[in-house]
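No lab work stands behind these numbers, since they all come straight from the coordinates. Worth saying up front: this structure is predicted, and the values here are computed from it rather than measured. Ideal geometry is used to build each Cβ from the backbone, glycine not excepted, and the neighbour counts take in all protein chains shown.
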Amino acid sequence: MSEPAVSFALNHMACPTLSPLAMIEAAKNLGIEAVELRNDVKENSVTDVETAKSVSAAAEAANITVLSINALYPFNVWNDERKAQAEQMADVAAAAGAIGLVCCPLVDADDARTDVQRTEDLKAALTDLKSILGDRGLKGFVEPLGFPISTLRFKQEAIDAISAVGGEDTFGLVHDTFHHAGSSDPDFFPLQTGLVHVSAVVDRDISFTDMLDGHREFVMDGDKLQSIAQMKTLFEGGYKGYISFEPFSDGVWQSTDPVGDIKASMDYIKSALSA
C-alpha cells in the first residue's frame, strides 16, 4: 500500500510552552499546514482580539491555516453567560482568521438534567451558535467527549441534534481517537467529520473507563486506543481533513524537544498508515 497523503495540524496542546507565534514557526519548520489555537494554555492562550490579529498575520505570512480556537465549554449548558462567552470567543476566532470554534460538552457526574433536558439544551445551544458563528463566517466543531460522566458521549446524538436545527452547513464533528475509544462509540461519520484529534495511551494498566487526559501521549507503537486503525477507517470512509495532535501528558508538555517529538510521531503515523 502506498503512503497516504496526510494533512497534519498542530494543536497547541502538543507544545503549550511555546507562544502562539513560536508555535506557528514550529509548524512551518515541520512542514505542518495548519494550527489549532487554545484558550487554556495559560500565558500562551489566545483569548483577546488583538492577540488573535497578531496570530492571524503571522499565520498568513507563514502560509499556515488557523483551524480553530479550542474550546467553548460547556457549550451544551446554554444560558446568557454561555451565549456571551460564545460571542466573545467567536470574535476572537474570526480575528485569528480561524475556520471555526471547537465546542465541548459538560463533563460532570453531578449534572441533574434528564436525557430529554440535555437534548433540548443541546438543540438550543446549536440554534444560537448557528447564528453566532454564521454571522462571523465560522464553522462549529462539535466534539463528543467519551468520559463516562460526559453529557454528550456519542456522535449519533450530536448528528441528530445538528440535523434537528438545520445546522449541517455550520457544524461538523470532531473525531477524537481518545474519546472515541473511551466511549466505545460504534459510529464514525467520516463525511460529517470536520476535524480529527489524535493521541495515544500506552499505559497497559489503565482501563478505558479510567483513562484521563493526562494519559494522552503522541501516537506511537503500543497505542491501546488504536488511533491508526481509527484514522484508516476515517480515510477509507471519505474523510479528507486534518489530523491534529492533541496530547495532554505532563511528560509531553515537559519535553525539552517538542518539535522533535512531533516529527517522530508524524513519521510513525505516515509509516503505520501505509502498512
Handout entry: Calculated [θ] (222 nm, deg cm²/dmol) that DSSP helices of n ≥ 4 give over the chain, each run adding -39,500 (n - 2.57)
Key = -12500 deg cm²/dmol
Problem - segment 7-274 - Rg over Rh from alpha carbon coordinates, Kirkwood radius - result: 0.94
Practice task
Net charge near Ser249: determine it from the other residues with C-beta under 9 Å of the C-beta of Ser249, scoring Lys and Arg +1 and Asp and Glu -1.
Solution key: -2
Fill in the blank from the handout: Mean shadow area (nm²) of the C-alpha convex hull around segment 1-109 is 8.8 nm²
Handout entry: trypsin sites (Lys or Arg not before Pro) restricted to DSSP loop in segment 163-253 with at most 10 other C-beta within 10 Å
Key = Arg204
Completion exercise
Computed about the Cα centre, the charge dipole of segment 7-274 from +1 Lys/Arg and -1 Asp/Glu charges at the Cβ has a magnitude in debye, to the nearest 20, of 580 debye
Exercise for the section: Compute the distance in nm between two label points, each set 7 Å from the Cα along the Cα-to-Cβ direction, one at Lys240 and one at Glu120. Expected result: 4.1 nm
Completion exercise
Here the Cα Rg-to-2.2 N^0.38 Å ratio for segment 39-195 is 1.02
Exercise for the section: May I ask you to derive the FRET efficiency for Ser271 and Asn79 from their Cβ-Cβ distance with R0 = 51 Å, giving the value to the nearest 0.05? Expected result: 0.60
Fill in the blank from the handout: Cβ-Cβ cut-off under 14 Å around Gly194, Lys and Arg +1, Asp and Glu -1: the net charge is -2
Completion exercise
If the label point sits 7 Å along Cα→Cβ of Arg204, residues of segment 222-237 with amide N under 12 Å come out as 222-224
Handout entry: Local electrostatic count, Ser19, Cβ distance below 10 Å [Lys/Arg +1, Asp/Glu -1]
Key = -2
Fill in the blank from the handout: Count of lysine pairs, segment 7-274, Cα-Cα under 13 Å, sep. 8 or more residues or interchain, comes to 5
Exercise for the section: Would you work out which of Asn70, Ala59, Val41 lies farthest towards the positive end of the dipole of the chain, given +1 charges on the beta-carbon of Lys and Arg and -1 on that of Asp and Glu, about the Cα centre? Expected result: Ala59
Problem - Long-range Cα-Cα pairs in segment 158-275 (distance over 25 Å), rounded percent - result: 26 percent
Exercise for the section: With a point put 7 Å past each Cα toward its Cβ, work out how far Ala57 is from Asp160 in nm, to one decimal. Expected result: 4.9 nm
Practice task
Pull out the extension gain between Arg113 and Thr47, defined as 0.36 nm times the separation in residues minus the alpha carbon to alpha carbon distance; nm, one decimal.
Solution key: 20.7 nm
